[in-house]
Amino acid sequence: MKSSLARANDNIQKRHRKAGLFRLLCASVTWLGAALLATLLIQVTLDGIKWLDLQFLTSFPSRFPYKAGVKSALVGTLWLITMIAFISIPIGVATALYLEELSSKGKVGKIIEVNIANLAGVPSIVYGIIGLAIFVRGLGFERSLLSGALTMSLLILPVIIIASREAIKTVPMSIRHAAYALGATKLQTAWAHVLPASFPGILTGVILALSRAIGETAPLIMIGALTYVAFLPEGPMDAFTALPIQIFNWVSRPQQEFHELAAGGIIVLLAVLLTMNATAIFIRQKTEKKLQ
Amino acid sequence: MNTGKFIRCLTATLLIFAVSAFSSLSASAERLRGTVSIDGSSTVFPISEAVAEEFLTVQPRVRVTVGVSGTGGGFKKFLAGETDINDASRPIKMKEVNTSNKNGVGFIELPIAYDGLSVVVNRKNDWVDHLTVEELNKIWQPGSLVKRWSDVREGWPAKEIRLYGPGTDSGTFDYFTETVNGKAGASRPDYTANEDDNALVQGISGDEGSLGYFGYAYYAANKDKLRVVAVDGGKGPVVPTEVTINSGAYAPLSRPVFIYVRPDALDRKEVRAFVNFYIESAPMLATEVGYIPLPDSVYKRAMLRVETREMGTAYHDGAMPQSADLLADKEYPHE
Amino acid sequence: MNEQAMPKPLDVNQDRSGDITRTRARWGEFLIESSLGLCATISIITTSVIIFILARESLGFFATVSPIEFFFGTSWVPLFEPSAYGVLPLLWGTMLITFGAALFAVPTGLASAIYMSEYASPQMRAVIKPVLEVLAGIPTVVYGYFALTFVTPLLRMLMPDLQVFNALSGAIVVGVMILPTIATLSDNALRAVPDSLRQGAYALGATSYEVTTRVVLPAGLSGVMASVLLAISRAIGETMAVTLAAGATPNLSFTFLESIQTMTAYIVQVSMGDTPAGGIAYQTLFAVAALLFVITLILNIVSQWILSKFREVYE
């Protein structure tokens, strides 16, 4: 019969072993996730890299895999980013500014806040349906860049508002108080002092929101972008295609070559996203130092 | 201005006029601009896509879009004036002709190629040698209780039969159901229905007990993944090939496929040029894609129809064309 | 002392309407403030428009189809004759995918969150956090590609009877998709638990396992639950991966190995070439979308409510 001290020691060792196992479990699961990501990316790269060359980037889609390329899709995506940025950034930042600086933070403000949080969680395909009903059919914009940009802007507007609000919140009150003390109105303070101070944070949030918009496929399918398009759009009312749509199109085909083309398209899309994210992080790091 | 300078100016101006007059004479050098919007059948899509791609090399400034809404869905848009050309794997229906009259939107019917609608099974399926039309009907009729291959024919394995086919917007669906089940649109609903024929190929190629149907081109492009089934229409089992479709031996599932063009769209130069190019290149591109070209006389007739803007359909009795139809001989009523 | 020489204290809100130079600025400011306020109302307008359009078309749909058939019918055959409009197969397809995804993602995500907040060194954290952010930013069509070209073939090697389009592949990739959401949000929730609680437990002789499971997790439970609900809401709304991988057969089967159709996949597949307006097909789109909207809305609201009601506030 062990002494109570020995039993206590046994017990402690057992519990510590359990803790060690638990730690190992958590660690391996986490690294499993990382390994999964690595597998996915390596897989995509291996599949697509052989198609990735200048010809791929400068050719239109074709029924022949060796001739096909992402030119119209890439240009369409770039058009979309620009138009979405023009539409959603002013409205989003203005809304955030208003909610943080100018509104009285009463009941109405609370309602708007809850409303925006809910809008952020609405599935993207619902935005697609709304875009179909309002922009394509209601306003008669048909399958144009304008319909696509407006629909996507609605989608990422809540994200921009939330991110901008977070950025504005981090601006120290001292800046505001200093401005008020010098006789500035709320609007002047907001425009000339708070906005510039929160600009980097807003920019980061905006870039991340835009990168989300680029990857969305479902809303674009709903507004009818799933067609064969072998030209570059020349204006906002033109028909278009985009990278995620082209990828989806190629993945849907049963031939192996088209799957590899899809992988190539994915690499291009991820490259665009990576660039945008890296820019956002770069800006954030550069300006965090400044504020310090 | 002195005389010398005047003469130089005049010469320059005359030269410019001459050059531009000369270049506008050669029609192929004329750079057209504009849009051509096409939608409709997924069966005809490979042809339209090929034509659009080749047309790009001739007229790079004309923007052609090709959608895949299905023959029925495409007609809805076509008759609302939203598209210029409708790809169709079946003739226009009476209902659609009525809509056309109501909306005041005319249509010109242009046959483009022959298709042997193919019934396919998985590569690993080694028990099906052929299927009769009666057996197809047994499998696909509304309310069909066929669940296993053994229900279709004695001696076949009791493997579960899984069905794949086009959806209700598809002309291929209309054609198959009318030919096999006797009424367009009459079909059992419990199958994987997808307007996208590519998805059907993917599904069938991975499913041992599967059975599906779609245009021949999708089989031809995936011969390594699928096995085509010989169909017995009463005269013995026939496998669809270029020869048997052309000769009419592959019956009753051989059919012409069409494009329908709006006469008012033909007022636009770019649409006119595109349609002419379509008919000219149809024999070559249809073959490339996997379909069967029509006799030359039919294409000539089609060209004439475009020239004269001859509207109307040869199938106004509502019956689906069988392979024995030689469209060149059919009388087209003048609307 | 001359009283009038004392300067008046500066009052920001003092009414200066008599000051001419300020009046013009006042009007300009009023305009700008109003336009900013107008922008803020756009979000309210958006919600109202969404609800209005979904409601209008759904009401049109329910004029033809009885709600009882819609909500309780077990057969979804909207485009054939004879038609049936029971949404349960679609709902079941969505639930199957979501349940499978959660089965994979919740334990994994939670374990990763625990590892990051309790065990990992700052250097490891600096590596894993960006990895998770990248995972979260991958477009969903890429997951669809992954399912078709990697997961399904792998599964078919293990289970040769598996169909090409099946619910299991869809569930797995959706699980991978929502994993970062659960991991990052739970990590935030666990980190918010003050260290003093942990130190107190350690001081009493607890092991790290006991501290985590009996002190930290219960304290951060509301945040964890909110993150799970949010992730589930994302899984329900996921479209591209299930469209590509899970199939197009509305199916009330209990197995993961068959082809199914989710609500989102139905919406996409019906309108693949954009559905012409009017008619029952168009209306089914909105009825299903309305159901989707309501479900995700409820999940989001409950998630926010849990966060606000049950969050334990320390200092």
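The values are calculated or read from the model by the stated rules, or taken from the named source; none is laboratory data. Here the structure is a predicted model, which is why all the values come from computation and not from measurement. Every residue, glycine among them, receives a Cβ derived from its backbone with ideal geometry; neighbour counts consider all protein chains shown.
This table checks each residue for (1) within 14 Å of chain A (Cβ to nearest Cβ); (2) surrounded by 21 or more Cβ atoms within 10 Å (Cβ to Cβ); (3) part of a helix (DSSP H, G or I).
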residue: C:T74; (1), (2), (3): no, no, no
residue: C:E81; (1), (2), (3): no, no, no
residue: C:L96; (1), (2), (3): no, yes, yes
residue: C:P107; (1), (2), (3): yes, no, yes
Determine which single condition B:E208 fails, assuming it passes every other condition in (1) in contact with a Lys or Arg (Cβ under 6 Å, 6 or more places away or on another chain); (2) under 16 Å from B:F173 (Cβ atoms).
(2)
When you go through A:F56, A:F64, A:F86 one by one, which is the residue that is closer than 18 Å to A:G205 by Cα and aromatic (F, W, Y)?
A:F86
Number of the exception - C:S222 against (1) surrounded by fewer than 22 Cβ atoms within 10 Å (Cβ to Cβ); (2) more than 18 Å from C:N166 (Cα to Cα); (3) of a type outside the set (A, V, I, L, M); (4) at the interface with another protein chain (Cβ under 8 Å from one of its Cβ atoms)
(4)
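If we scan the stretch B:76-85, do we find a residue that is among the aliphatic types (A, V, I, L, M), in contact with a strand residue (DSSP E or B) (Cβ under 8 Å, 6 or more places away or on another chain) and at pLDDT 90 or above? Give the steps one after another, and end with the answer.
Quick first cut of the stretch B:76-85, residues among the aliphatic types (A, V, I, L, M) only: B:79-80, B:85.
So of that shortlist, the ones also in contact with a strand residue (DSSP E or B) (Cβ under 8 Å, 6 or more places away or on another chain) come out as B:85.
Imposing the further condition that a residue be at pLDDT 90 or above reduces the set to B:85.
Within the stretch B:76-85, one or more residues are among the aliphatic types (A, V, I, L, M), in contact with a strand residue (DSSP E or B) (Cβ under 8 Å, 6 or more places away or on another chain) and at pLDDT 90 or above.
Would you list the helices (runs of 4 or more DSSP H) that sit entirely within the stretch A:156-246 and hold 2 or more residues that are buried (at least 24 other Cβ atoms within 10 Å of the Cβ) and more than 8 Å from every other protein chain (Cβ to nearest Cβ)? Give the derivation first.
Details: elements: A:173-181, A:186-189, A:195-215, A:218-222.
Ranges flagged: A:195-215, A:218-222.
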Checked pairs for the stretch B:56-78, first at the interface with chain C (Cβ under 8 Å from one of its Cβ atoms), second of a type in the set (S, T, N, Q), C-beta under 6 Å and 6 or more apart or across chains, list as B:G67/A:T227; B:V68/B:S42; B:G70/B:S170; B:G74/B:N86; B:K77/B:T83
Checked the stretch A:125-178 for anything of a type in the set (S, T, Y), within 22 Å of C:C39 (Cβ to Cβ) and in contact (Cβ under 8 Å) with a residue 40 or more places away in the chain; matches are A:Y127, A:S147, A:T151, A:S153, A:S164
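Looking at the stretch B:129-188, what helices (runs of 4 or more DSSP H) fall wholly within it and have at least 3 residues that are more than 17 Å from B:S89 (Cα to Cα), of a type outside the set (A, V, I, L, M) and in the same structural domain as B:S205 (by TED's automatic domain parsing)? Walk me through it before giving the result.
On the way: elements: B:133-140, B:149-152, B:171-176.
Helices (runs of 4 or more DSSP H) meeting the threshold: B:133-140, B:149-152.
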Go through (1) surrounded by fewer than 19 Cβ atoms within 10 Å (Cβ to Cβ); (2) of a type outside the set (V, I, T); (3) more than 30 Å from C:A113 (Cβ to Cβ); (4) modelled with pLDDT of 90 or more and name the single condition A:L80 misses.
(1)
Among the residues of the stretch C:201-212, is there at least one that is in a helix (DSSP H, G or I), of a type in the set (F, W, Y) and surrounded by 16 or more Cβ atoms within 10 Å (Cβ to Cβ)?
yes
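Residue-by-condition table, conditions (1) at negative phi; (2) in contact (Cβ under 8 Å) with a residue 24 or more places away in the chain; (3) assigned to a helix (DSSP H, G or I); (4) within 11 Å of chain A (Cβ to nearest Cβ):
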{"residue": "C:A111", "(1), (2), (3), (4)": "yes, no, yes, yes"}
{"residue": "C:E118", "(1), (2), (3), (4)": "yes, yes, yes, yes"}
{"residue": "C:V131", "(1), (2), (3), (4)": "yes, no, yes, yes"}
{"residue": "C:V141", "(1), (2), (3), (4)": "yes, yes, yes, yes"}
{"residue": "C:F146", "(1), (2), (3), (4)": "yes, yes, yes, yes"}
{"residue": "C:F150", "(1), (2), (3), (4)": "yes, no, yes, yes"}
{"residue": "C:L154", "(1), (2), (3), (4)": "yes, no, yes, yes"}
{"residue": "C:D161", "(1), (2), (3), (4)": "yes, yes, no, no"}
Take the conditions in the same structural domain as A:L97 (by TED's automatic domain parsing) and within 21 Å of A:K50 (Cα to Cα) and apply them to A:E234. Does it pass?
no
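Can you pull out the helices (runs of 4 or more DSSP H) entirely within the stretch B:236-326 that have at least 1 residues that are at pLDDT below 90, touching a strand residue (DSSP E or B) at 6+ places or on another chain (Cβ under 6 Å) and acidic (D, E)?
B:242-247
Do we find a residue being assigned to a loop (DSSP other than H, G, I, E, B), farther than 21 Å from C:G247 by Cβ and touching a residue at least 24 places away in the same chain (Cβ under 8 Å) anywhere in the stretch B:111-119? If you could, list the steps in order and put the result at the bottom.
Within the stretch B:111-119, the subset assigned to a loop (DSSP other than H, G, I, E, B) is B:117.
Filter again for farther than 21 Å from C:G247 by Cβ, leaving B:117.
Keeping just the survivors that are touching a residue at least 24 places away in the same chain (Cβ under 8 Å) gives B:117.
Yes; the residues of the stretch B:111-119 include at least one that is assigned to a loop (DSSP other than H, G, I, E, B), farther than 21 Å from C:G247 by Cβ and touching a residue at least 24 places away in the same chain (Cβ under 8 Å).
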Which residue out of B:R272, B:R227 is out of contact with any Lys or Arg (no Cβ under 6 Å at 6 or more places or on another chain) and basic (K, R)?
B:R272
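For the stretch C:280-315, which residues satisfy the criterion of being closer than 15 Å to C:S58 by Cβ, out of contact with any Phe, Trp or Tyr (no Cβ under 7 Å at 6 or more places or on another chain) and at pLDDT below 90?
Of the stretch C:280-315, the ones closer than 15 Å to C:S58 by Cβ are C:280-295, C:297.
When the remaining residues are screened for being out of contact with any Phe, Trp or Tyr (no Cβ under 7 Å at 6 or more places or on another chain), the result is C:280-282, C:285, C:289-295, C:297.
Scanning the stretch C:280-315 gives C:I280, C:A281, C:Y282, C:L285.
Here is a list: A:A242, A:A262, A:A278. Which entry is closer than 28 Å to C:E133 by Cβ, free of Cβ contacts under 8 Å to residues at least 40 places away in the same chain and not acidic (D, E)? Can you show your working first?
Working: A:A242 fails: free of Cβ contacts under 8 Å to residues at least 40 places away in the same chain; A:A262 fails: free of Cβ contacts under 8 Å to residues at least 40 places away in the same chain.
The conditions single out A:A278.
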The stretch A:1-55: number of residues that are under 18 Å from C:T212 (Cα atoms), in contact with an Asp or Glu (Cβ under 9 Å, 6 or more places away or on another chain) and of a type in the set (D, E, K, R):
3
Does at least one position in the stretch B:42-53 carry a residue that is within 14 Å of chain C (Cβ to nearest Cβ), of a type outside the set (A, V, I, L, M), surrounded by fewer than 24 Cβ atoms within 10 Å (Cβ to Cβ) and more than 12 Å from the chain's Cα centre (by Cα)?
no
Which one is farthest from B:I85 (Cα to Cα) among residues in the stretch B:231-264 that are within 17 Å of the chain's Cα centre (by Cα) and hydroxyl-bearing (S, T, Y)?
B:S254
Is one or more of the residues making up the stretch B:214-225 basic (K, R), within 24 Å of C:S75 (Cα to Cα) and free of Cβ contacts under 8 Å to residues at least 60 places away in the same chain?
no
